[in-house]
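What follows is a set of notes on a single structure, which appears directly below.
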């Protein structure tokens, strides 16, 4: 297992000498690319003020958090970066969580600077109108994503969730066929969701970019998402390249249906999952 | 793009003049297109295009696989793909680094050819 130390200012990706390195993405990254730089968030006014030097300035790294007390912070992954191997590779988990998710949080904090503290879930309904759907949706969606995946996962949904899914889709294989088709069919960046309607039934919907069913105008009204698959290319490209269907097929091996079942109970009572 | 691409010199008087007119300098053009490319959220492209109505160069971005060619008034001359598949294996999340690298392979002679073609077509088709 590859271990990383995380300093307050960034990451130390240097592997400990005694640790066996997994072949594949992680090793390639460390050997060729070194420590990845934090994702840049663009401050347009700042960039425009830099004149002809702006292009060079775009290459500088920026701190991954606001200097003062940020409204939102990156929750740690509930498992190791390589816990979902071989289905989702450790390198993808590292970039996805530590850089992409962090970037949404950084941008959300910028957008919320000077505003009263708000719960993330409370920002969802009005997110499109408030132009918070990109950064705010990105933060919410990834919180849900990490929490519904796990190493001791896979299996099949049971209980009330299992019943609702059987009613809506038929067998678990039938569900997977429909969910996979929806996820594969997203053009560009986006998500496929299992969501709960007001009457407790479940359905599959998709959203573009970082929108989610909680947002007014994103999907039909009243849907509460309980499971999402990220089909932005950053979610699978290092291991699967353009083979999104392979990534989708592997995804089911790491879905924590027990957690999704808990979310179903909350959603069926009419409450969105709070992060 | 071209393996012999890049550079800041456009050896085409007309395109050069158009760049100066619209952006001031090549550096300013690069900044504008780089920023546009960096700011695309999700999948998409950033473009240097000719606005046929004003006969001026413009920078714009489009989502997914849309293109300025979908609007009769704009002609794409140069596009940078910022779908993650265009840069993820080498640059991962660092889109800015990919954009910086990309400028090294831009084929200005090809852009100039398209600029000429776009201006020649202007006036022949209704806008």
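Since every read-out is calculated from the coordinates, none of them should be taken as a lab result. All of these numbers come straight from a predicted model, not from anything done at the bench. Cβ atoms come from the backbone with ideal geometry, glycine included; neighbour counts cover every protein chain shown.
Label separation (residue B:119 vs residue B:105): 2.9 nm, computed from points 7 Å beyond Cα along the C-beta direction.
Largest GNM mean-square fluctuation across B:75, B:58, B:20, computed for chain B with C-alpha springs under 10 Å, falls on B:20. Converting the Cα gyration tensor eigenvalues of region A:159-268 into ellipsoid dimensions via √(5λ) gives semi-axes, longest first, of 22, 17, 11 Å. If every alpha-carbon in region A:65-114 counts as one equal scatterer, what log10 I(q)/I(0) does Debye give at q = 0.21, 0.22 1/Å? After summing over all Cα pairs, the log10 values are -0.72, -0.76.
Once the Cα atoms are used to define both axes, helix B:13-23 deviates from the longest principal axis of chain B by about 70 degrees.
The order of A:82, A:211, A:119, going from fewest to most other C-beta atoms within 10 Å of their C-beta, is A:119, A:82, A:211.
Between 0 and 90 degrees, the angle of helix B:26-39 with respect to the longest Cα principal axis of chain B falls at about 60 degrees.
Want the number for residue A:173 to residue A:113: 0.36 nm per residue separation, take away the alpha-carbon distance, what's left?
Between residue A:173 and residue A:113, full extension yields an extra 17.0 nm.
Over all residues in B:93-102, what is the mean tally of Cβ atoms on other chains that come within 10 Å of each residue's Cβ? If you can, show how the numbers build up before the last one.
Working: counts 13, 10, 4, 10, 6, 0, 3, 4, 0, 0.
Average per residue, whole number: 5.
At q = 0.21, 0.22 Å⁻¹ the log10 of I(q)/I(0) for region B:11-68 amounts to -0.81, -0.86, computed by Debye summation with a single uniform scatterer per C-alpha, solvent ignored.
On the basis of the beta-carbon distance and an R0 of 35 Å, residue A:242 and residue B:17 show a calculated FRET efficiency of 0.30. Sorting B:10, B:105, A:121, B:82 by the number of Cβ atoms found within 10 Å of their own Cβ, with the fewest placed first, yields B:105, A:121, B:10, B:82. Expressed in Å, the radius of gyration and Dmax of the Cα atoms of region B:28-121 are 13.2, 40.
Look at A:219, B:25, A:106 and count the other Cβ atoms within 10 Å of each Cβ; fewest to most, that gives B:25, A:219, A:106.
The helix-only estimate of mean residue ellipticity at 222 nm for chain B, built from DSSP H runs of length n ≥ 4 each weighted as -39500 (n - 2.57), is -12000 deg cm²/dmol after division by the residue total. Here the extension length gained between residue A:163 and residue A:184 equals 5.0 nm, from 0.36 nm per residue of separation less the Cα-Cα distance.
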